[in-house]
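Take a look at the structure below.
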Amino acid sequence: MSERLFALLDSSSVIVNGEGYTNVTLDQMKPIWASGLVLSNTIIFLILFSVYIFVLIGFIIRVTRKLKLKRNQTILFIMTGIYVTVQIFSLLVRVVNETLQLVIREKIEAGQLIEWKLFIAMQVFLGLNSFTMTSNFLTLFSIIVFVQNML
């Protein structure tokens, strides 16, 4: 399996030498300003969604003490909580991904070689970022389908 991975990577524009370093150029990375903007927006939304999940939990606790929620209301609150949790996880993965991209970009600009492990970590978090965004859309789609079936 590792031979297949290296064969795929050898066909790309990334060159790995025998000492564990890879040759990555600046044109393969996003500019620093783009990563900085994404990182700042992500942190703002991470704070907002964290506040929202605590307000949602407090609201559910307060309402359930006074009233018995119906089945559809309970399901909708649970689905909303799951959606916000998936969104928070997606934002955390994006923070790690953008931070790794900034670190690699700064090393490239300084003329240093990029360690193979760091490059693989960046690629893994880039893939996780795509996966969490897709799961976020799927969760939102399931909530929309549930609400349409309620009507």
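The values are calculated or read from the model by the stated rules, or taken from the named source; none is laboratory data. Please read all numbers here as calculations on a predicted model, not as lab measurements. Cβ atoms come from the backbone with ideal geometry, glycine included; neighbour counts cover every protein chain shown.
Restricting Ile88, Ile75, Ile60 to those that are in a helix (DSSP H, G or I), within 25 Å of the chain's Cα centre (by Cα) and at negative phi reduces the list to Ile88. For the stretch 24-61, filtered to residues that are without any contact (Cβ under 8 Å) to a residue 60 or more places away in the chain and of a type in the set (S, T, N, Q), the residue that is surrounded by the fewest Cβ atoms within 10 Å (Cβ to Cβ) is Ser40.
Considering (1) at pLDDT 90 or above; (2) closer than 27 Å to Lys107 by Cα; (3) out of contact with any helix residue (DSSP H, G or I) (no Cβ under 6 Å at 6 or more places or on another chain), the lone condition that Thr42 does not fulfil carries the number (3). For the criterion of being in contact (Cβ under 8 Å) with a residue 40 or more places away in the chain and surrounded by fewer than 16 Cβ atoms within 10 Å (Cβ to Cβ), Thr99 passes. Every listed requirement among (1) surrounded by 13 or more Cβ atoms within 10 Å (Cβ to Cβ); (2) among the aromatic types (Phe, Trp, Tyr); (3) free of Cβ contacts under 8 Å to residues at least 24 places away in the same chain; (4) closer than 30 Å to Leu26 by Cβ is met by Phe131 save one, (1).
Scanning the stretch 71-96 for residues that are more than 16 Å from Thr139 (Cα to Cα) and either modelled with pLDDT of 90 or more or surrounded by 13 or more Cβ atoms within 10 Å (Cβ to Cβ) (or both) gives Gln73, Thr74, Leu92, Val93, Arg94, Val95, Val96.
Return yes when Lys117 is within 30 Å of Val24 (Cβ to Cβ), over 12 Å from the mean Cα position of the chain (by Cα) and not small (Gly, Ala, Ser) and no when it is not. Yes; evaluated as a whole, the condition is true for this residue.
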